[in-house]
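Only one structure is covered here, and it is reproduced in the block below.
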Amino acid sequence: MAKKMRTPEERTIDPAAQQMLVWADELEIGTAFSRADQMAPCNIGGAGMCCKICGMGPCRLTKEGDTGVCGATIDTIQARNLIRAIAAGAAAHSDHGRDMAFILKAVANGETEGYRIRDIAKLRIVAQKYGIEIEGRPPEEIANELADLYISQFGQQKGEVVVVGRAPEKRLKLWRELGVIPRGIDREVVEALHRTHIGDDQDPEHILNHAVRTALADGWGGSMIATDVSDILFGTPAPILGEANLGVLKDDMVNVIVHGHEPTLSQMIVAASQDPEIIEYAKQAGAKGVNLAGICCTANEILMRQGIPAAGNFLHQELSILTGSVEAMVVDVQCIMQALVGLAEKFHTKVITTSPKVKIKGATHIEFDEKHALTTAKRILKVAIDNYANRGQTKIPQVKEKLIPGFSHEYINYMLGGSYRASFRPLNDAIRDGRIRGVAAIVGCNNPRSKQDYLHVKVTRDLLQQDVLVVETGCGAIAAAKLGLLLGEAGLDQVGPGLREVCETIGIPPVLHMGSCVDNTRILTVLTQMVEEGGLGDDIDQIPAVGLAPEWMSEKALAIGTYCVASGAYVMFGGASPVSGMPDKVSDSDAVSHYISEGWEKLYGGKLEFVGDPDEMVRRALEHIDKKRAALGLRPYNPDQFGDSGDERMLALEELPLAQKREALYGVAVEA
Ligand code: SF4
Ligand code: MSK
């Protein structure tokens, strides 16, 4: 039977993506969208009921009472599959963190080309958290000691990863009691693999306890290290004007897309693209210069620091090449589709791999090394410029939106109170008095099995209308950006009255872009600071907050979800559950789903659920937020109380044309 192929409108809500999918159909070129239509997911593996851990299998459990050849039950198999995914996600994030720590050390020792310590204040603050002496010491010396400490956390064998000490006191105590504090980052990932080898840990709850420890090694370990070091080396993000979507590509310039996750090379490509030598080289090739744009989280890294535009999120990687305008797609690690190479061969695009860990057959490999970073970046750009002459017909959708990214926790702290009284007090007070009903972190990927961006934007809009302040990272943040939700005015007409007052008074959009996937740790820090500020309980699980990953697809998302649950958050994923089982066929197959929800909630106050229906996701999110408000003794949420008390300045702003209002709000000239 012929597979049903979805129309472009059924595959994505993004008008730029729709245009490119029509174009792909005309050219008879496949994309992840069409491949997802053609390949039905395996309903046994997808439900977590297939084990291929040893050569006696693969064992597929489809009937009541089935076990694997070794006797493993469905619960054990699901728990093992889940922890392996979490371990892979934690490994990816943490290995990124390790590389950042090594670069910090190399920069401190003067062994790199083109890098310097940009945020000395953050270096000192972070170093102080670990008792590193800062007074009277040059930044390089402090950075060297901090780098050594961070590097040691990966191979540490006993004790506690030092980063977890940044969690709220009560949470730390709970983790100690439950025995889930990571001893060393690598150790927990290795142990997850050991425990799931044939014939090892076969108690599902015991396996999943270690899943928590492994995920904590990511969130309160490797990822937090990655965020810290990125800020120290490249600057802590603050609001900056940017643009998002395929319309950022330019017909008259050499378009270079950086895609992946690590900011080290992309930051250097930003610098190289502005070098007079490179601009001149591009002009000699007949272009006006080099136009840099990002995809996925590399996009977020350079968008929130330098305002470099984002060409799109995960599912835009192929679509950008389909424009025919991309001279080079430079990739580092994670979320890079192998299909790029075959697709690029149909156009003139060069796919350039740069990480010693990632090669793709058929791609050009130009290996990045920090000792020659600027030289390598220039070399890559010259390859792209030389390729400009090979460009054929282009088809760039004229679709893009402006956005204001860069809401690091440091900036949120500053914006709420200013330089001298930076504080989370106004945020906590707004939640206490009900202007803000609660907070939602909406994060994670795109997945071609759902309609691109639809779930992200649907739950974002619904929660905003209910006065829930939204923070976003990763591809979810780019989804909201593309739909114009990361600019104050664009989003404010869609938010509830209380939240609107807060956003207008402070001058912020209702959706705050907080960075890349590793930067979900910024959200942990915000939650911790809200606890420390007081008035919302003494631990994260008491805050009226939820985490949502409506279009998740990567193993990293599962690691993120798990460390957020262990930190006390209610986390919901959209799409299919990897541990759903087949309740009609295997009666006990929901034991793992039950344990990571109710079981984890009893232990950690947070729970992990997979909810396919976005309306149900929003309903549960609001129910949870209201339950937490009631437990804190806060007055029930009542939107009728607010909406008339926006300050004079904001009321005056209402009268201004949009462009002037944006300028007044953000202090930057923004085209209407
Ligand atoms: Fe089958 Fe057991 Fe081997 Fe898994 S570990 S493949 S269930 S025999
Ligand atoms: S890039 S992990 S698709 S968010 Fe971080 Fe996007 Fe998900 Fe990759």
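Summary table
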read-out	value
Residue in segment 496-510 that is part of a loop (DSSP other than H, G, I, E, B), open to solvent by 20 Å² or more (accessible area, probe 1.4 Å) and either of a type in the set (A, V, I, L, M, F, W, C) or modelled with pLDDT of 95 or more (or both) present	no
Ser450 being more than 30 Å from Asp640 (Cα to Cα), away from ligand 1 (no atom under 16 Å from the Cβ) and outside the structural domain of Ala282 (by TED's automatic domain parsing)	yes
Residue in segment 471-479 that is surrounded by fewer than 23 Cβ atoms within 10 Å (Cβ to Cβ), at pLDDT 95 or above and assigned to a helix (DSSP H, G or I) present	no
Residue count for segment 118-145, restricted to those that are assigned to a loop (DSSP other than H, G, I, E, B) and open to solvent by 20 Å² or more (accessible area, probe 1.4 Å)	9
Filter pass, Leu172 being in contact with a Leu (Cβ under 8 Å, 6 or more places away or on another chain), assigned by TED's automatic domain parsing to the domain that holds Arg116 and closer than 24 Å to Val531 by Cβ	no
Residues that are part of a helix (DSSP H, G or I) and closer than 25 Å to Ile523 by Cβ, drawn from segment 152-170	Gln153, Phe154, Val162, Val163, Val164, Gly165, Arg166, Glu169, Lys170
Residues of segment 49-72 satisfying the condition of being among the basic types (Lys, Arg) and either open to solvent by less than 40 Å² (accessible area, probe 1.4 Å) or assigned to a loop (DSSP other than H, G, I, E, B) (or both)	Lys52, Lys63
Residue within segment 541-552 that is acidic (Asp, Glu), open to solvent by less than 10 Å² (accessible area, probe 1.4 Å), outside the structural domain of Met337 (by TED's automatic domain parsing) and more than 16 Å from ligand 1 (Cβ to nearest atom) present	yes
Meets criteria (out of contact with any Ser or Thr (no Cβ under 8 Å at 6 or more places or on another chain) and acidic (Asp, Glu)) for Glu113	no
Enumeration of residues in segment 445-467 that are buried (at least 23 other Cβ atoms within 10 Å of the Cβ) and in contact with a Ser or Thr (Cβ under 8 Å, 6 or more places away or on another chain)	Cys445, Gln452, Asp453
Meets criteria (within 16 Å of ligand 2 (Cβ to nearest atom) and under 28 Å from the mean Cα position of the chain (by Cα)) for Ala32	yes
Those residues of segment 95-117 which are in a helix (DSSP H, G or I), open to solvent by 10 Å² or more (accessible area, probe 1.4 Å) and more than 16 Å from Met268 (Cβ to Cβ), in sequence order	Asp95, Arg98, Lys105, Ala108
Close pairs from segment 269-286: first assigned by TED's automatic domain parsing to the domain that holds Val383, partner hydroxyl-bearing (Ser, Thr, Tyr) and part of a helix (DSSP H, G or I), Cβ under 6 Å, at least 6 apart	Ala285/Tyr388
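Yes or no, residue by residue, for (1) open to solvent by 10 Å² or more (accessible area, probe 1.4 Å); (2) in contact with a Lys or Arg (Cβ under 8 Å, 6 or more places away or on another chain); (3) not in a loop (DSSP other than H, G, I, E, B):
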site: Val189; (1), (2), (3): yes, no, yes
site: Asp201; (1), (2), (3): yes, yes, no
site: Ser223; (1), (2), (3): no, no, yes
site: Ile240; (1), (2), (3): yes, yes, no
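Per-residue answers, yes or no, for (1) aromatic (Phe, Trp, Tyr); (2) without any contact (Cβ under 8 Å) to a residue 60 or more places away in the chain; (3) in contact with a His (Cβ under 6 Å, 6 or more places away or on another chain):
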| site | (1), (2), (3) |
| --- | --- |
| Lys346 | no, no, no |
| Ser355 | no, no, no |
| Asp369 | no, yes, no |
| Asp386 | no, no, no |
| Glu401 | no, no, no |
| Tyr411 | yes, no, no |
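For (1) out of contact with any Pro (no Cβ under 7 Å at 6 or more places or on another chain); (2) among the polar types (S, T, N, Q); (3) under 30 Å from Leu315 (Cβ atoms), each residue gets a yes or a no:
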position	(1), (2), (3)
Lys52	no, no, yes
Met56	yes, no, no
Thr67	yes, yes, no
Leu104	yes, no, no
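The values are calculated or read from the model by the stated rules, or taken from the named source; none is laboratory data. Bear in mind the structure is a predicted one, so any value in this text is a computation, not a measurement. All Cβ positions, glycine included, derive from the backbone under ideal geometry; neighbour counts span all protein chains shown. Please note that ligands, DNA and RNA were not included when accessible areas were found on the heavy atoms of the full protein model with its side chains. Shrake-Rupley method; radii C 1.70, N 1.55, O 1.52, S 1.80 Å.
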